[in-house]
Amino acid sequence: MEHLLQIRDAAEAAGIPVFYSPHYYSDEEFERWRHLNSIDRMMFESKMFRVGSWGAEFHPDLESDENTIVLHSHKGASNFWTGDTALLLRQRGIQKIVLAGMSANICTESHLRDAVENGFDVIVVKDATTGLTPEATQAAYTNYGFFAEEVVTTDEILDRLK
């Protein structure tokens, strides 16, 4: 959390927009979806990311502000296929993405892969993302190196944003 806040504040100070890619589902989606993968089944059984619930809200310290662009909710692991990420980045002339957030081996890694497949250059901030377990986090860190333009630390990206 500390690293996400530092990156967000440094981006704002540098005049760089911050994009949030939320993940949430409506009651209708929980009721009507039929073709679920393993992670979807787990989320649907527990009503994880239910609109209006604690799990679908931003952490109070990470509430959006005038420098934050909140994308449409992604329904899979990445907003590039079920949301508006690529369109909004291209409309702003953005080519390079600094990527951080949760969950390291699911959403963050999926956003990374899809961003690269969509022609964006991606820098992943390794210590500003984590997975559910140490093993999941390590698996993501390994894969980041295969897809990202660079994998950096928070301190390294903060120096660049200055």
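The values are calculated or read from the model by the stated rules, or taken from the named source; none is laboratory data. On a predicted model such as this, the values are computed, not experimentally measured, just so you know. No Cβ is skipped: glycine too gets one built from the backbone with ideal geometry, and neighbour counts run over all protein chains shown.
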Item to check | Hits in region 88-105 (condition: more than 9 Å from the chain's Cα centre (by Cα) and at pLDDT 95 or above) | outcome: L88, L89, R90, Q91, R92, G93, I94, Q95, K96, I97, V98
Next on the checklist: Can you report the number of residues in region 73-95 which are of a type in the set (K, R) and more than 23 Å from E57 (Cβ to Cβ)?
Outcome noted: 2
Checklist entry - When V70 is evaluated against the numbered criteria (1) over 13 Å from the mean Cα position of the chain (by Cα); (2) over 24 Å from E156 (Cβ atoms); (3) surrounded by fewer than 17 Cβ atoms within 10 Å (Cβ to Cβ); (4) among the hydrophobic types (A, V, I, L, M, F, W, C), which criterion, by number, is the only one it fails? => result (1)
Next on the checklist: On the basis of being under 13 Å from the mean Cα position of the chain (by Cα), of a type in the set (S, T, Y), crowded, with 19+ Cβ neighbours inside 10 Å and over 19 Å from H3 (Cα atoms), does T108 make the cut?
Outcome noted: no
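I'd like to verify a number: residues in region 93-138 that are of a type outside the set (K, R) and assigned to a strand (DSSP E or B), how many? Give the derivation first.
First, pick out the residues of region 93-138 that are of a type outside the set (K, R): 93-95, 97-112, 114-125, 127-138.
Subsequent filtering for residues that are assigned to a strand (DSSP E or B) retains 97-102, 121-125, 127-130.
Count: 15.
Enumerate the helices (runs of 4 or more DSSP H) found wholly within region 1-92, keeping only those where 3 or more residues are out of contact with any helix residue (DSSP H, G or I) (no Cβ under 7 Å at 6 or more places or on another chain) and under 21 Å from A128 (Cα atoms).
Details: elements: 2-13, 27-32, 38-46, 79-82, 85-91.
The qualifying helices (runs of 4 or more DSSP H) are 2-13.
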Item to check | Residue check, R160 among the basic types (K, R), without any contact (Cβ under 8 Å) to a residue 12 or more places away in the chain and not in a loop (DSSP other than H, G, I, E, B) | outcome: yes
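Table: residues versus (1) crowded, with 16+ Cβ neighbours inside 10 Å; (2) touching a residue at least 40 places away in the same chain (Cβ under 8 Å); (3) within 20 Å of the chain's Cα centre (by Cα).
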{"residue": "I7", "(1), (2), (3)": "yes, yes, yes"}
{"residue": "V18", "(1), (2), (3)": "yes, yes, yes"}
{"residue": "Y24", "(1), (2), (3)": "yes, yes, yes"}
{"residue": "W33", "(1), (2), (3)": "no, no, no"}
{"residue": "G52", "(1), (2), (3)": "no, no, yes"}
Item to check | Residues satisfying the stated conditions in region 91-100, i.e. among the small types (G, A, S) and either touching a Lys or Arg at 6+ places or on another chain (Cβ under 6 Å) or surrounded by 17 or more Cβ atoms within 10 Å (Cβ to Cβ) (or both) | outcome: A100
Item to check | Residues being surrounded by fewer than 16 Cβ atoms within 10 Å (Cβ to Cβ) and in contact (Cβ under 8 Å) with a residue 24 or more places away in the chain - total across region 73-90 | outcome: 1
